[in-house]
Structure formats: structure tokens, C-alpha cells
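This report concerns only the one structure given below.
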Amino acid sequence: QVQLVESGGGLVQAGGSLRLSCAASGRTFSNTDMGWFRQAPGKEREFVAAARRNGGTTYYADSVKGRFTISRDNAKNTVFLQMNSLKPEDTAVYYCAVTPTWWYDNYRDHRRWDYWGQGTQVTVSS
């Protein structure tokens with residue numbers, strides 16, 4: 001099975017920045033799509049960002065567009081999430097995800113993603 005390990009979470013003040021990393025093993029990730037989801041207490045897991053395997057196409061939730069940037073290093077099987085201008089509403093557990101099958105109409109649905117990390121906590125104070 002594929003293993004994903006997130007890192008980089010922590011406590012940051014509003015307006016600050018964090019960079020999350022997710023290292024994957026057990027698969028050739030140049031042939032997969034990679035993304036980030038987050039889940040706040042009492043809320044459903046929501047889509048944050050994704051990077052297609054071709055390396056040139058990215059997708060963002062409206063709530064983070066312009067503030068977050070997703071990137072990937074296929075040679076290291078790693079996906080990153082640079083988070084700038086953080087807001088208290090960004091507070092959540094952030095999960096990285098991988099799928100070998102891209103769902104053009106449903107990529108925001110976490111059920112369409114096959115492999116998951118254990119998550120890393122991001123807390124933004126006001």
C-alpha cells in the first residue's frame with residue numbers, strides 16, 4: 001500500500017505563512033495526481049488544492065485561491081502546500097492525498113482519492 005507522511009504544520013499568527021510537505025512511498029507518483037484536503041472540527045473534509053501529474057495544471061478551492069500554492073517534486077514523490085496570508089478559518093487538520101485516476105467533475109470529493117496521509121494540524125491564531 002502507498003504511504004503518505006505530512007509535515008510542516010503548527011501554530012501561526014494570522015497573516016503568517018506555513019509550508020506543508022507530504023512525502024509518498026510505494027508508487028510511481030509521476031503517474032498520479034496529488035492534492036490537499038483539510039478538516040476542521042465538526043466539519044466535513046474539504047478540498048484545498050490539487051496538482052495534476054502533468055505538472056502544469058493546478059486547482060484551488062475558492063477560499064484559498066491567491067493565498068495557497070501547491071507544487072510537487074516527482075523525483076522525490078513529494079507534494080507541497082505553501083500557505084500565505086493565513087486566516088483563523090484556515091485552522092484544520094490538513095491531509096495530503098494521491099489518486100491514479102483523475103475525476104474531472106468530482107475531484108473536490110474526498111471519496112475520489114485513493115491514498116491518504118495521517119494529517120498535520122494547522123492552527124492560525126487571531
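The values are calculated or read from the model by the stated rules, or taken from the named source; none is laboratory data. Predicted model, so just to flag it, every value in this text is computed and none were measured. Here the Cβ positions follow ideal geometry from the backbone for every residue, glycine too, while neighbour counts run over all protein chains shown. Quick note on the areas: whole protein, heavy atoms, side chains included, nothing else; ligands and nucleic acids left out. Shrake-Rupley method; radii C 1.70, N 1.55, O 1.52, S 1.80 Å.
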>> Please determine whether any residue of region 28-35 is of a type in the set (Gly, Ala, Ser), touching a strand residue (DSSP E or B) at 6+ places or on another chain (Cβ under 8 Å), open to solvent by less than 60 Å² (accessible area, probe 1.4 Å) and closer than 22 Å to residue 1 by Cβ.
In response: yes
> Conditions: (1) modelled with pLDDT of 95 or more; (2) in contact with a helix residue (DSSP H, G or I) (Cβ under 7 Å, 6 or more places away or on another chain). Residue 30 meets all but one. Number of the miss?
Replying inline: (1)
>> For region 100-119, check the following and say yes or no: at least one residue is open to solvent by less than 40 Å² (accessible area, probe 1.4 Å), small (Gly, Ala, Ser) and in a loop (DSSP other than H, G, I, E, B).
In response: yes
> Which one of these does residue 42 not meet: (1) small (Gly, Ala, Ser); (2) in a loop (DSSP other than H, G, I, E, B); (3) open to solvent by less than 60 Å² (accessible area, probe 1.4 Å)?
Replying inline: (3)
>> Which residue is surrounded by the most Cβ atoms within 10 Å (Cβ to Cβ), if the candidates are limited to region 45-75 and must be among the charged types (D, E, K, R) and in contact with a helix residue (DSSP H, G or I) (Cβ under 9 Å, 6 or more places away or on another chain)?
In response: 72
> With respect to residue 90, is the statement that it is of a type in the set (Asp, Glu), within 17 Å of residue 19 (Cα to Cα) and crowded, with 19+ Cβ neighbours inside 10 Å true?
Replying inline: yes
> In region 102-113, what residues are touching a residue at least 60 places away in the same chain (Cβ under 8 Å) and more than 14 Å from the chain's Cα centre (by Cα)?
Replying inline: 102
>> Which residue is nearest to residue 123 (Cα to Cα), if the candidates are limited to region 33-59 and must be over 12 Å from the mean Cα position of the chain (by Cα) and at pLDDT 90 or above?
In response: 40
> Any idea how many residues of region 1-37 are of a type in the set (D, E, K, R) and in contact with an Asp or Glu (Cβ under 6 Å, 6 or more places away or on another chain)?
Replying inline: 0
> All but one of (1) modelled with pLDDT of 95 or more; (2) of a type outside the set (Lys, Arg); (3) open to solvent by 10 Å² or more (accessible area, probe 1.4 Å); (4) in contact with a strand residue (DSSP E or B) (Cβ under 6 Å, 6 or more places away or on another chain) hold for residue 2; which doesn't?
Replying inline: (1)
